[in-house]
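Written below as C-alpha coordinates is the structure these notes are about.
The values are calculated or read from the model by the stated rules, or taken from the named source; none is laboratory data. Here the structure is a predicted model, which means the values were calculated and not measured. Cβ: placed from backbone, ideal geometry, glycine included. Neighbour counts: every protein chain shown.
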Protein chains: 2
Amino acid sequence: MNKRSAFFISDGTGITAETLGNSLLTQFDGIHFEMLTLPYVDTLEKAIKVAEQIDAATRADGAAAIVFDTIVNPEIREIISKSNGYKIDVFETFLKPLEHELQLHSSYSVGKSHAINETRRYKERIASVNFALDNDDGGRIQQYGKADVILIGVSRCGKTPTCLYMALQFGVRAANYPLTIDDLEAPGIPEALMAHSQKLFGLTIDPFHLAAIRNERRPNSRYASLEQCEFEVREVEKRFIQLGIQSINTTHFSVEEIATRIMANAGLVRRAV
Amino acid sequence: MNKRSAFFISDGTGITAETLGNSLLTQFDGIHFEMLTLPYVDTLEKAIKVAEQIDAATRADGAAAIVFDTIVNPEIREIISKSNGYKIDVFETFLKPLEHELQLHSSYSVGKSHAINETRRYKERIASVNFALDNDDGGRIQQYGKADVILIGVSRCGKTPTCLYMALQFGVRAANYPLTIDDLEAPGIPEALMAHSQKLFGLTIDPFHLAAIRNERRPNSRYASLEQCEFEVREVEKRFIQLGIQSINTTHFSVEEIATRIMANAGLVRRAV
(Lines give C-alpha, C1' and ligand atoms only; values in the text may rest on other atoms or scores of the structure.)
Protein backbone atom coordinates (compact mmCIF):
# COMPACT_ATOMS: atom_id res chain seq x y z
CA MET A 1 0.00 0.00 0.00
CA ASN A 2 1.06 3.55 -0.72
CA LYS A 3 2.67 5.23 2.29
CA ARG A 4 2.40 8.88 3.16
CA SER A 5 3.41 10.88 6.24
CA ALA A 6 0.90 13.06 8.05
CA PHE A 7 1.64 15.61 10.77
CA PHE A 8 -0.76 17.17 13.26
CA ILE A 9 0.92 20.26 14.62
CA SER A 10 -0.15 22.78 17.23
CA ASP A 11 1.16 25.25 19.75
CA GLY A 12 -1.47 23.83 22.10
CA THR A 13 -2.47 20.22 22.81
CA GLY A 14 -2.81 19.29 19.13
CA ILE A 15 -6.14 17.62 19.86
CA THR A 16 -8.08 19.70 17.32
CA ALA A 17 -5.57 19.17 14.49
CA GLU A 18 -5.33 15.46 15.28
CA THR A 19 -9.07 14.88 15.58
CA LEU A 20 -9.81 16.71 12.34
CA GLY A 21 -6.86 15.25 10.41
CA ASN A 22 -7.60 11.75 11.56
CA SER A 23 -11.24 11.87 10.51
CA LEU A 24 -10.36 13.30 7.09
CA LEU A 25 -7.51 10.92 6.30
CA THR A 26 -9.43 7.79 7.25
CA GLN A 27 -11.74 8.63 4.35
CA PHE A 28 -8.91 7.57 2.02
CA ASP A 29 -8.59 3.83 1.76
CA GLY A 30 -5.72 3.24 -0.62
CA ILE A 31 -3.03 4.97 1.44
CA HIS A 32 -1.30 4.05 4.66
CA PHE A 33 -0.72 7.26 6.63
CA GLU A 34 2.13 7.43 9.10
CA MET A 35 0.58 9.87 11.55
CA LEU A 36 2.53 11.95 14.04
CA THR A 37 1.09 14.48 16.47
CA LEU A 38 3.43 17.27 17.55
CA PRO A 39 1.88 19.38 20.33
CA TYR A 40 3.29 22.49 22.04
CA VAL A 41 5.31 23.70 19.07
CA ASP A 42 5.50 27.10 20.71
CA THR A 43 8.99 28.45 20.01
CA LEU A 44 10.76 29.36 16.77
CA GLU A 45 13.42 26.73 17.52
CA LYS A 46 10.84 23.97 17.83
CA ALA A 47 9.13 25.20 14.65
CA ILE A 48 12.37 25.02 12.65
CA LYS A 49 12.96 21.44 13.81
CA VAL A 50 9.39 20.48 12.90
CA ALA A 51 9.76 22.06 9.44
CA GLU A 52 12.91 19.98 8.94
CA GLN A 53 11.03 16.87 10.03
CA ILE A 54 8.32 17.60 7.46
CA ASP A 55 10.91 18.13 4.70
CA ALA A 56 12.67 14.88 5.62
CA ALA A 57 9.41 12.91 5.53
CA THR A 58 8.53 14.45 2.17
CA ARG A 59 11.89 13.41 0.75
CA ALA A 60 11.64 9.89 2.19
CA ASP A 61 8.08 9.33 0.92
CA GLY A 62 8.70 10.95 -2.46
CA ALA A 63 5.46 12.88 -1.92
CA ALA A 64 4.48 15.90 0.17
CA ALA A 65 3.74 15.08 3.80
CA ILE A 66 0.20 16.11 4.74
CA VAL A 67 0.30 18.75 7.47
CA PHE A 68 -2.69 19.80 9.57
CA ASP A 69 -1.95 22.67 11.87
CA THR A 70 -3.74 24.78 14.44
CA ILE A 71 -1.02 27.26 15.27
CA VAL A 72 -1.99 30.65 16.59
CA ASN A 73 1.39 32.43 16.59
CA PRO A 74 1.96 33.97 13.12
CA GLU A 75 5.77 33.63 13.18
CA ILE A 76 5.60 29.95 14.04
CA ARG A 77 2.92 29.39 11.40
CA GLU A 78 5.11 31.09 8.82
CA ILE A 79 8.02 28.71 9.47
CA ILE A 80 5.80 25.65 9.14
CA SER A 81 4.19 27.08 6.00
CA LYS A 82 7.59 27.23 4.30
CA SER A 83 8.19 23.49 4.70
CA ASN A 84 7.64 21.16 1.76
CA GLY A 85 4.48 19.60 3.17
CA TYR A 86 0.95 19.90 1.82
CA LYS A 87 -0.39 22.30 4.44
CA ILE A 88 -3.91 22.50 5.78
CA ASP A 89 -4.01 25.52 8.05
CA VAL A 90 -7.15 24.99 10.09
CA PHE A 91 -7.38 28.37 11.82
CA GLU A 92 -6.43 30.33 8.70
CA THR A 93 -9.12 28.51 6.70
CA PHE A 94 -11.96 29.18 9.10
CA LEU A 95 -11.15 32.16 11.29
CA LYS A 96 -11.17 34.78 8.55
CA PRO A 97 -14.67 33.92 7.26
CA LEU A 98 -15.91 33.57 10.86
CA GLU A 99 -14.54 37.01 11.73
CA HIS A 100 -16.48 38.40 8.82
CA GLU A 101 -19.70 36.62 9.77
CA LEU A 102 -19.40 37.58 13.45
CA GLN A 103 -18.13 41.08 12.64
CA LEU A 104 -15.47 40.69 15.30
CA HIS A 105 -11.75 40.06 15.39
CA SER A 106 -10.68 36.77 16.91
CA SER A 107 -8.29 36.86 19.83
CA TYR A 108 -5.96 34.31 18.30
CA SER A 109 -4.15 33.80 21.55
CA VAL A 110 -2.15 30.68 22.28
CA GLY A 111 -4.01 27.96 24.08
CA LYS A 112 -7.13 30.12 24.14
CA SER A 113 -9.32 27.25 23.08
CA HIS A 114 -9.16 25.68 26.52
CA ALA A 115 -9.10 28.73 28.72
CA ILE A 116 -12.79 29.46 29.12
CA ASN A 117 -14.64 28.03 32.08
CA GLU A 118 -11.66 25.80 32.64
CA THR A 119 -11.71 25.75 36.41
CA ARG A 120 -15.38 24.92 36.68
CA ARG A 121 -15.09 22.34 33.91
CA TYR A 122 -12.06 20.77 35.56
CA LYS A 123 -13.85 20.49 38.87
CA GLU A 124 -16.90 18.89 37.30
CA ARG A 125 -14.75 16.37 35.53
CA ILE A 126 -12.75 15.47 38.60
CA ALA A 127 -15.98 15.07 40.57
CA SER A 128 -17.37 12.89 37.78
CA VAL A 129 -14.25 10.72 37.59
CA ASN A 130 -14.37 10.23 41.35
CA PHE A 131 -18.04 9.37 41.07
CA ALA A 132 -17.35 6.83 38.31
CA LEU A 133 -14.57 5.23 40.36
CA ASP A 134 -16.66 5.13 43.54
CA ASN A 135 -19.59 3.63 41.67
CA ASP A 136 -17.73 1.22 39.46
CA ASP A 137 -18.75 -2.42 39.39
CA GLY A 138 -21.78 -2.00 41.61
CA GLY A 139 -19.62 -0.46 44.32
CA ARG A 140 -22.05 1.73 46.20
CA ILE A 141 -25.63 1.41 45.17
CA GLN A 142 -26.65 4.01 47.80
CA GLN A 143 -25.18 6.76 45.60
CA TYR A 144 -27.39 5.93 42.62
CA GLY A 145 -29.67 8.82 43.52
CA LYS A 146 -26.89 11.17 42.45
CA ALA A 147 -26.12 9.37 39.19
CA ASP A 148 -27.05 10.84 35.81
CA VAL A 149 -27.01 7.37 34.30
CA ILE A 150 -26.40 3.81 35.50
CA LEU A 151 -24.94 1.42 32.94
CA ILE A 152 -25.87 -2.23 33.35
CA GLY A 153 -24.68 -5.31 31.51
CA VAL A 154 -22.67 -8.49 31.87
CA SER A 155 -19.09 -8.53 33.12
CA ARG A 156 -16.58 -7.27 30.49
CA CYS A 157 -19.03 -5.66 28.10
CA GLY A 158 -17.40 -2.21 28.30
CA LYS A 159 -19.13 -0.49 31.24
CA THR A 160 -16.10 0.86 33.11
CA PRO A 161 -14.25 2.59 30.25
CA THR A 162 -17.54 4.02 29.02
CA CYS A 163 -18.33 5.50 32.44
CA LEU A 164 -14.85 6.99 32.71
CA TYR A 165 -15.01 8.42 29.20
CA MET A 166 -18.40 10.00 29.95
CA ALA A 167 -16.96 11.49 33.13
CA LEU A 168 -13.85 12.91 31.48
CA GLN A 169 -15.44 14.07 28.25
CA PHE A 170 -18.89 15.17 29.34
CA GLY A 171 -18.67 15.66 33.11
CA VAL A 172 -21.56 13.23 33.50
CA ARG A 173 -22.01 11.18 36.68
CA ALA A 174 -22.08 7.62 35.38
CA ALA A 175 -22.34 4.59 37.67
CA ASN A 176 -22.26 1.00 36.53
CA TYR A 177 -23.58 -2.28 37.81
CA PRO A 178 -22.52 -5.69 36.49
CA LEU A 179 -25.36 -8.18 36.21
CA THR A 180 -23.78 -11.33 37.65
CA ILE A 181 -24.75 -14.96 37.20
CA ASP A 182 -26.64 -14.77 40.49
CA ASP A 183 -28.59 -11.77 39.24
CA LEU A 184 -29.33 -13.49 35.95
CA GLU A 185 -30.52 -16.74 37.48
CA ALA A 186 -33.17 -14.78 39.40
CA PRO A 187 -36.03 -13.13 37.53
CA GLY A 188 -35.91 -9.42 36.68
CA ILE A 189 -33.10 -7.20 37.95
CA PRO A 190 -32.01 -6.31 41.50
CA GLU A 191 -34.33 -4.03 43.46
CA ALA A 192 -31.59 -1.45 44.01
CA LEU A 193 -31.59 -0.95 40.24
CA MET A 194 -35.38 -1.01 39.80
CA ALA A 195 -35.58 1.94 42.21
CA HIS A 196 -33.71 3.97 39.57
CA SER A 197 -35.17 2.39 36.46
CA GLN A 198 -35.34 5.76 34.65
CA LYS A 199 -31.56 6.05 34.84
CA LEU A 200 -30.71 2.58 33.57
CA PHE A 201 -29.00 2.11 30.25
CA GLY A 202 -28.08 -1.34 28.98
CA LEU A 203 -24.92 -2.47 27.26
CA THR A 204 -24.87 -5.73 25.38
CA ILE A 205 -22.25 -7.48 23.30
CA ASP A 206 -21.83 -10.32 20.83
CA PRO A 207 -21.27 -13.54 22.86
CA PHE A 208 -18.32 -14.66 20.67
CA HIS A 209 -16.62 -11.34 21.20
CA LEU A 210 -17.36 -11.50 24.94
CA ALA A 211 -15.88 -15.00 25.19
CA ALA A 212 -12.71 -13.80 23.46
CA ILE A 213 -12.36 -10.86 25.88
CA ARG A 214 -13.01 -13.05 28.94
CA ASN A 215 -10.58 -15.69 27.71
CA GLU A 216 -7.79 -13.16 27.83
CA ARG A 217 -8.58 -12.52 31.47
CA ARG A 218 -9.34 -16.05 32.65
CA PRO A 219 -8.33 -18.55 29.96
CA ASN A 220 -10.42 -21.72 29.63
CA SER A 221 -12.65 -20.84 32.58
CA ARG A 222 -16.36 -21.47 32.75
CA TYR A 223 -16.68 -17.67 32.98
CA ALA A 224 -15.08 -17.36 29.55
CA SER A 225 -16.89 -20.28 27.88
CA LEU A 226 -19.04 -19.49 24.88
CA GLU A 227 -21.95 -21.33 26.49
CA GLN A 228 -21.79 -19.15 29.59
CA CYS A 229 -21.41 -15.96 27.55
CA GLU A 230 -24.36 -16.89 25.37
CA PHE A 231 -26.49 -17.58 28.44
CA GLU A 232 -25.61 -14.29 30.13
CA VAL A 233 -26.09 -12.15 27.03
CA ARG A 234 -29.43 -13.82 26.23
CA GLU A 235 -30.68 -13.27 29.79
CA VAL A 236 -29.51 -9.66 29.88
CA GLU A 237 -31.08 -8.80 26.54
CA LYS A 238 -34.35 -10.46 27.63
CA ARG A 239 -34.47 -8.16 30.65
CA PHE A 240 -33.70 -5.03 28.62
CA ILE A 241 -36.72 -5.81 26.43
CA GLN A 242 -39.05 -6.88 29.27
CA LEU A 243 -38.30 -3.79 31.33
CA GLY A 244 -38.10 -1.34 28.43
CA ILE A 245 -34.47 -0.46 29.17
CA GLN A 246 -32.72 1.26 26.27
CA SER A 247 -29.53 -0.47 25.24
CA ILE A 248 -26.76 -0.57 22.69
CA ASN A 249 -24.54 -3.34 21.40
CA THR A 250 -20.92 -2.40 22.05
CA THR A 251 -19.31 -5.05 19.82
CA HIS A 252 -18.39 -2.83 16.90
CA PHE A 253 -18.17 0.55 18.58
CA SER A 254 -15.27 2.53 20.03
CA VAL A 255 -15.51 3.91 23.56
CA GLU A 256 -16.26 7.39 22.13
CA GLU A 257 -19.07 6.03 20.02
CA ILE A 258 -20.66 4.09 22.87
CA ALA A 259 -20.45 7.13 25.15
CA THR A 260 -21.82 9.64 22.62
CA ARG A 261 -24.65 7.29 21.65
CA ILE A 262 -25.66 6.88 25.28
CA MET A 263 -25.58 10.67 25.73
CA ALA A 264 -27.81 11.11 22.67
CA ASN A 265 -30.20 8.20 23.27
CA ALA A 266 -30.65 8.87 26.99
CA GLY A 267 -31.00 12.62 26.40
CA LEU A 268 -28.13 13.37 28.78
CA VAL A 269 -26.70 16.86 28.93
CA ARG A 270 -23.03 17.49 29.57
CA ARG A 271 -22.10 19.46 32.65
CA ALA A 272 -20.16 22.72 32.64
CA VAL A 273 -19.05 22.91 29.04
CA MET B 1 -22.88 40.03 26.07
CA ASN B 2 -23.99 39.18 22.55
CA LYS B 3 -25.56 35.74 22.32
CA ARG B 4 -25.30 33.44 19.34
CA SER B 5 -26.26 29.80 18.83
CA ALA B 6 -23.74 27.28 17.54
CA PHE B 7 -24.47 23.74 16.36
CA PHE B 8 -22.02 20.87 15.92
CA ILE B 9 -23.71 18.32 13.69
CA SER B 10 -22.61 14.92 12.47
CA ASP B 11 -23.92 11.57 11.31
CA GLY B 12 -21.22 10.07 13.54
CA THR B 13 -20.15 10.93 17.09
CA GLY B 14 -19.88 14.65 16.39
CA ILE B 15 -16.51 14.75 18.15
CA THR B 16 -14.66 16.22 15.17
CA ALA B 17 -17.22 18.98 14.53
CA GLU B 18 -17.39 19.79 18.23
CA THR B 19 -13.64 19.82 18.81
CA LEU B 20 -13.00 22.01 15.79
CA GLY B 21 -15.96 24.33 16.37
CA ASN B 22 -15.16 24.75 20.03
CA SER B 23 -11.54 25.70 19.42
CA LEU B 24 -12.51 28.21 16.71
CA LEU B 25 -15.36 29.87 18.61
CA THR B 26 -13.36 30.32 21.82
CA GLN B 27 -11.13 32.66 19.80
CA PHE B 28 -14.01 35.16 19.85
CA ASP B 29 -14.29 36.95 23.15
CA GLY B 30 -17.20 39.32 22.75
CA ILE B 31 -19.87 36.70 22.10
CA HIS B 32 -21.52 34.11 24.30
CA PHE B 33 -22.09 30.99 22.21
CA GLU B 34 -24.90 28.63 23.13
CA MET B 35 -23.33 25.42 21.88
CA LEU B 36 -25.24 22.27 21.05
CA THR B 37 -23.77 19.03 19.73
CA LEU B 38 -26.12 16.85 17.69
CA PRO B 39 -24.53 13.48 16.90
CA TYR B 40 -25.96 10.62 14.81
CA VAL B 41 -28.06 12.79 12.51
CA ASP B 42 -28.24 9.86 10.11
CA THR B 43 -31.77 9.91 8.64
CA LEU B 44 -33.62 12.46 6.52
CA GLU B 45 -36.23 12.81 9.27
CA LYS B 46 -33.61 13.73 11.86
CA ALA B 47 -31.98 16.12 9.41
CA ILE B 48 -35.26 17.95 8.78
CA LYS B 49 -35.76 18.39 12.54
CA VAL B 50 -32.22 19.67 12.96
CA ALA B 51 -32.68 22.16 10.10
CA GLU B 52 -35.83 23.43 11.86
CA GLN B 53 -33.88 23.76 15.09
CA ILE B 54 -31.23 25.82 13.31
CA ASP B 55 -33.87 28.06 11.75
CA ALA B 56 -35.59 28.55 15.12
CA ALA B 57 -32.31 29.51 16.80
CA THR B 58 -31.52 31.94 13.99
CA ARG B 59 -34.90 33.60 14.42
CA ALA B 60 -34.59 33.77 18.20
CA ASP B 61 -31.04 35.21 18.13
CA GLY B 62 -31.75 37.59 15.26
CA ALA B 63 -28.52 36.36 13.67
CA ALA B 64 -27.53 33.22 11.77
CA ALA B 65 -26.70 30.27 14.00
CA ILE B 66 -23.15 29.04 13.39
CA VAL B 67 -23.23 25.46 12.12
CA PHE B 68 -20.22 23.17 11.96
CA ASP B 69 -20.96 19.86 10.32
CA THR B 70 -19.12 16.67 9.44
CA ILE B 71 -21.86 14.86 7.57
CA VAL B 72 -20.92 12.26 5.01
CA ASN B 73 -24.30 11.48 3.47
CA PRO B 74 -24.98 13.99 0.64
CA GLU B 75 -28.78 14.03 1.05
CA ILE B 76 -28.54 14.78 4.76
CA ARG B 77 -25.92 17.44 4.12
CA GLU B 78 -28.17 19.05 1.54
CA ILE B 79 -31.04 19.40 4.02
CA ILE B 80 -28.77 21.01 6.63
CA SER B 81 -27.26 23.29 3.99
CA LYS B 82 -30.70 24.73 3.22
CA SER B 83 -31.24 25.90 6.79
CA ASN B 84 -30.73 29.54 7.71
CA GLY B 85 -27.51 28.98 9.65
CA TYR B 86 -24.02 30.11 8.75
CA LYS B 87 -22.64 26.76 7.61
CA ILE B 88 -19.10 25.50 7.93
CA ASP B 89 -19.01 22.19 6.11
CA VAL B 90 -15.81 20.58 7.37
CA PHE B 91 -15.59 17.62 5.01
CA GLU B 92 -16.62 19.64 1.95
CA THR B 93 -13.96 22.25 2.73
CA PHE B 94 -11.08 19.84 3.05
CA LEU B 95 -11.88 16.58 1.28
CA LYS B 96 -11.96 17.99 -2.26
CA PRO B 97 -8.47 19.55 -2.08
CA LEU B 98 -7.16 16.45 -0.30
CA GLU B 99 -8.56 14.21 -3.04
CA HIS B 100 -6.70 16.30 -5.56
CA GLU B 101 -3.44 16.22 -3.60
CA LEU B 102 -3.68 12.46 -2.96
CA GLN B 103 -5.04 11.73 -6.45
CA LEU B 104 -7.62 9.45 -4.92
CA HIS B 105 -11.34 9.57 -4.23
CA SER B 106 -12.32 9.55 -0.58
CA SER B 107 -14.65 6.84 0.60
CA TYR B 108 -16.99 9.27 2.32
CA SER B 109 -18.70 6.50 4.20
CA VAL B 110 -20.64 7.09 7.38
CA GLY B 111 -18.69 6.56 10.56
CA LYS B 112 -15.61 5.63 8.55
CA SER B 113 -13.41 7.81 10.67
CA HIS B 114 -13.48 5.35 13.54
CA ALA B 115 -13.48 2.05 11.71
CA ILE B 116 -9.79 1.49 11.12
CA ASN B 117 -7.84 -0.56 13.62
CA GLU B 118 -10.78 -0.17 15.95
CA THR B 119 -10.66 -3.59 17.55
CA ARG B 120 -6.97 -3.43 18.35
CA ARG B 121 -7.27 0.15 19.54
CA TYR B 122 -10.24 -0.72 21.73
CA LYS B 123 -8.38 -3.59 23.33
CA GLU B 124 -5.33 -1.45 24.06
CA ARG B 125 -7.48 1.17 25.67
CA ILE B 126 -9.40 -1.27 27.81
CA ALA B 127 -6.13 -2.84 28.91
CA SER B 128 -4.78 0.62 29.71
CA VAL B 129 -7.86 1.65 31.67
CA ASN B 130 -7.65 -1.56 33.68
CA PHE B 131 -3.98 -0.90 34.27
CA ALA B 132 -4.69 2.66 35.44
CA LEU B 133 -7.40 1.42 37.81
CA ASP B 134 -5.24 -1.41 39.19
CA ASN B 135 -2.34 0.97 39.69
CA ASP B 136 -4.23 3.95 41.01
CA ASP B 137 -3.16 5.54 44.27
CA GLY B 138 -0.08 3.39 44.75
CA GLY B 139 -2.22 0.27 44.51
CA ARG B 140 0.24 -2.32 43.26
CA ILE B 141 3.80 -1.20 43.04
CA GLN B 142 4.83 -4.65 41.78
CA GLN B 143 3.29 -3.81 38.39
CA TYR B 144 5.44 -0.74 37.85
CA GLY B 145 7.72 -2.71 35.53
CA LYS B 146 4.88 -2.76 33.01
CA ALA B 147 4.07 0.94 33.32
CA ASP B 148 4.90 3.42 30.55
CA VAL B 149 4.85 6.23 33.08
CA ILE B 150 4.32 6.62 36.84
CA LEU B 151 2.84 9.92 37.98
CA ILE B 152 3.81 11.08 41.44
CA GLY B 153 2.60 14.02 43.49
CA VAL B 154 0.63 14.99 46.58
CA SER B 155 -2.91 13.81 47.21
CA ARG B 156 -5.49 15.64 45.01
CA CYS B 157 -3.11 17.19 42.51
CA GLY B 158 -4.79 15.51 39.50
CA LYS B 159 -3.00 12.16 39.12
CA THR B 160 -5.98 9.85 38.73
CA PRO B 161 -7.93 11.69 36.02
CA THR B 162 -4.69 12.28 34.12
CA CYS B 163 -3.84 8.56 34.19
CA LEU B 164 -7.32 7.65 33.02
CA TYR B 165 -7.27 10.24 30.25
CA MET B 166 -3.89 8.97 29.06
CA ALA B 167 -5.25 5.42 29.07
CA LEU B 168 -8.42 6.28 27.16
CA GLN B 169 -6.93 8.75 24.72
CA PHE B 170 -3.47 7.36 24.08
CA GLY B 171 -3.61 3.73 25.22
CA VAL B 172 -0.68 4.43 27.54
CA ARG B 173 -0.13 2.41 30.72
CA ALA B 174 -0.04 5.07 33.41
CA ALA B 175 0.32 4.25 37.11
CA ASN B 176 0.25 6.78 39.90
CA TYR B 177 1.62 7.01 43.41
CA PRO B 178 0.58 9.61 45.98
CA LEU B 179 3.44 10.96 48.07
CA THR B 180 1.90 10.93 51.56
CA ILE B 181 2.91 12.87 54.64
CA ASP B 182 4.87 9.82 55.82
CA ASP B 183 6.76 9.74 52.53
CA LEU B 184 7.44 13.48 52.71
CA GLU B 185 8.69 13.44 56.28
CA ALA B 186 11.37 10.92 55.25
CA PRO B 187 14.17 12.00 52.92
CA GLY B 188 13.99 11.20 49.19
CA ILE B 189 11.19 9.11 47.74
CA PRO B 190 10.18 5.48 48.44
CA GLU B 191 12.53 2.79 47.13
CA ALA B 192 9.77 1.17 45.07
CA LEU B 193 9.67 4.38 43.03
CA MET B 194 13.44 4.87 42.84
CA ALA B 195 13.67 1.46 41.16
CA HIS B 196 11.72 2.98 38.25
CA SER B 197 13.12 6.50 38.36
CA GLN B 198 13.22 6.74 34.55
CA LYS B 199 9.44 6.38 34.43
CA LEU B 200 8.60 8.96 37.07
CA PHE B 201 6.81 12.14 36.15
CA GLY B 202 5.89 14.70 38.78
CA LEU B 203 2.71 16.70 39.15
CA THR B 204 2.66 19.76 41.32
CA ILE B 205 0.01 22.36 42.11
CA ASP B 206 -0.44 25.76 43.67
CA PRO B 207 -0.92 25.26 47.46
CA PHE B 208 -3.90 27.65 47.64
CA HIS B 209 -5.63 25.77 44.85
CA LEU B 210 -4.81 22.45 46.54
CA ALA B 211 -6.22 23.66 49.86
CA ALA B 212 -9.45 24.67 48.10
CA ILE B 213 -9.78 21.24 46.45
CA ARG B 214 -9.04 19.39 49.70
CA ASN B 215 -11.47 21.56 51.65
CA GLU B 216 -14.28 20.36 49.44
CA ARG B 217 -13.42 16.79 50.36
CA ARG B 218 -12.58 17.21 54.04
CA PRO B 219 -13.63 20.66 55.22
CA ASN B 220 -11.53 22.30 57.92
CA SER B 221 -9.23 19.30 58.31
CA ARG B 222 -5.50 19.49 58.90
CA TYR B 223 -5.23 17.69 55.51
CA ALA B 224 -6.91 20.65 53.83
CA SER B 225 -5.12 23.41 55.77
CA LEU B 226 -3.04 25.84 53.76
CA GLU B 227 -0.09 25.20 56.07
CA GLN B 228 -0.18 21.46 55.36
CA CYS B 229 -0.65 21.98 51.62
CA GLU B 230 2.28 24.41 51.50
CA PHE B 231 4.49 21.95 53.37
CA GLU B 232 3.61 19.03 51.08
CA VAL B 233 3.99 20.97 47.84
CA ARG B 234 7.31 22.44 48.97
CA GLU B 235 8.64 19.00 49.93
CA VAL B 236 7.44 17.40 46.71
CA GLU B 237 8.93 20.10 44.50
CA LYS B 238 12.24 19.86 46.38
CA ARG B 239 12.40 16.15 45.56
CA PHE B 240 11.55 16.68 41.89
CA ILE B 241 14.52 19.04 41.62
CA GLN B 242 16.92 16.95 43.72
CA LEU B 243 16.19 13.78 41.79
CA GLY B 244 15.90 15.39 38.37
CA ILE B 245 12.27 14.29 37.94
CA GLN B 246 10.43 16.19 35.19
CA SER B 247 7.25 17.79 36.43
CA ILE B 248 4.42 20.10 35.50
CA ASN B 249 2.22 22.37 37.52
CA THR B 250 -1.40 21.35 37.00
CA THR B 251 -3.03 24.44 38.51
CA HIS B 252 -4.06 26.16 35.30
CA PHE B 253 -4.28 23.22 32.92
CA SER B 254 -7.14 21.03 31.79
CA VAL B 255 -6.84 17.25 32.00
CA GLU B 256 -6.17 17.11 28.23
CA GLU B 257 -3.40 19.63 28.53
CA ILE B 258 -1.72 17.89 31.45
CA ALA B 259 -1.91 14.55 29.64
CA THR B 260 -0.63 15.80 26.28
CA ARG B 261 2.21 17.72 27.94
CA ILE B 262 3.30 14.61 29.81
CA MET B 263 3.20 12.61 26.56
CA ALA B 264 5.34 15.25 24.83
CA ASN B 265 7.79 15.96 27.67
CA ALA B 266 8.30 12.31 28.60
CA GLY B 267 8.61 11.28 24.95
CA LEU B 268 5.77 8.77 25.31
CA VAL B 269 4.30 7.16 22.22
CA ARG B 270 0.65 6.26 21.99
CA ARG B 271 -0.26 2.61 21.50
CA ALA B 272 -2.23 1.24 18.58
CA VAL B 273 -3.43 4.42 16.95
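Residue count for the range B:70-82 satisfying the condition of being in contact with a strand residue (DSSP E or B) (Cβ under 7 Å, 6 or more places away or on another chain) and not in a helix (DSSP H, G or I): 2.
Residues in the range B:245-256 that are modelled with pLDDT of 95 or more and either more than 17 Å from residue B:206 (Cβ to Cβ) or surrounded by fewer than 16 Cβ atoms within 10 Å (Cβ to Cβ) (or both): B:245, B:246. Exactly one residue out of A:113, A:128 is more than 30 Å from residue A:146 (Cβ to Cβ) and either modelled with pLDDT under 85 or in a helix (DSSP H, G or I) (or both), and it is A:113.
Among the residues of the range A:70-88, those identified as more than 14 Å from residue A:51 (Cβ to Cβ) and under 26 Å from the mean Cα position of the chain (by Cα) are A:70, A:72, A:88. Taking the criterion of being among the aliphatic types (A, V, I, L, M) and more than 14 Å from chain A (Cβ to nearest Cβ), the residues of the range B:234-266 that qualify are B:236, B:241, B:243, B:245. For the range B:235-244, taking the residues that are touching a residue at least 24 places away in the same chain (Cβ under 8 Å) and closer than 15 Å to residue B:154 by Cα, the one that is surrounded by the most Cβ atoms within 10 Å (Cβ to Cβ) is identified as B:236.
Would you mind stating whether residue A:133 is assigned by the TED database to the domain that holds residue A:204 and under 21 Å from the mean Cα position of the chain (by Cα)?
For residue A:133, the condition - assigned by the TED database to the domain that holds residue A:204 and under 21 Å from the mean Cα position of the chain (by Cα) - is met.
Exactly one residue among B:74, B:39 is touching a Ser or Thr at 6+ places or on another chain (Cβ under 9 Å) and assigned by the TED database to the domain that holds residue B:96, and that residue is B:39. Quick one: is residue B:213 closer than 23 Å to residue B:252 by Cβ, at pLDDT below 95 and crowded, with 16+ Cβ neighbours inside 10 Å? Taking the combined requirement at face value, the residue satisfies it. Select from the range B:131-164 the residues that are surrounded by fewer than 17 Cβ atoms within 10 Å (Cβ to Cβ) and at pLDDT 85 or above and write down the one among them that is farthest from the other protein chains (Cβ to nearest Cβ). Once the filter is applied, the top-ranked residue is B:145. I'm trying to understand the selection: among the residues of the range B:13-38, which are under 19 Å from the mean Cα position of the chain (by Cα) and farther than 18 Å from residue A:15 by Cα? Answer for the range B:13-38, where residues must be under 19 Å from the mean Cα position of the chain (by Cα) and farther than 18 Å from residue A:15 by Cα: B:35, B:36.
Within the set A:41, A:50, A:67, the sole residue that is of a type in the set (A, V, I, L, M, F, W, C), within 13 Å of another protein chain (Cβ to nearest Cβ) and assigned to a helix (DSSP H, G or I) turns out to be A:50.
I'd like to know if the range B:212-223 contains one or more residues that are touching a residue at least 60 places away in the same chain (Cβ under 8 Å) and more than 11 Å from every other protein chain (Cβ to nearest Cβ). Yes: one or more hits.
For the range A:1-38, taking the residues that are among the hydroxyl-bearing types (Ser, Thr, Tyr) and assigned to a strand (DSSP E or B), the one that is farthest from the other protein chains (Cβ to nearest Cβ) is identified as A:5. Looking across A:134, A:148, one residue alone is touching a residue at least 40 places away in the same chain (Cβ under 8 Å) and of a type in the set (D, E, K, R). It is A:148.
When the range B:172-213 is filtered for residues that are among the aromatic types (Phe, Trp, Tyr) and farther than 16 Å from residue B:148 by Cα, only B:208 remains. The residues of the range A:194-211 that are away from every other protein chain (no Cβ under 14 Å) and touching a Lys or Arg at 6+ places or on another chain (Cβ under 9 Å), listed by number, are A:202, A:207.
Looking at B:43, B:13, just one residue is closer than 24 Å to residue A:252 by Cα and exposed (fewer than 15 other Cβ atoms within 10 Å of the Cβ), and that residue is B:43.
Residue A:56 satisfies every condition listed in (1) of a type outside the set (Asp, Glu); (2) modelled with pLDDT under 95; (3) on the phi < 0 side of the Ramachandran plot; (4) surrounded by fewer than 22 Cβ atoms within 10 Å (Cβ to Cβ) except (2).
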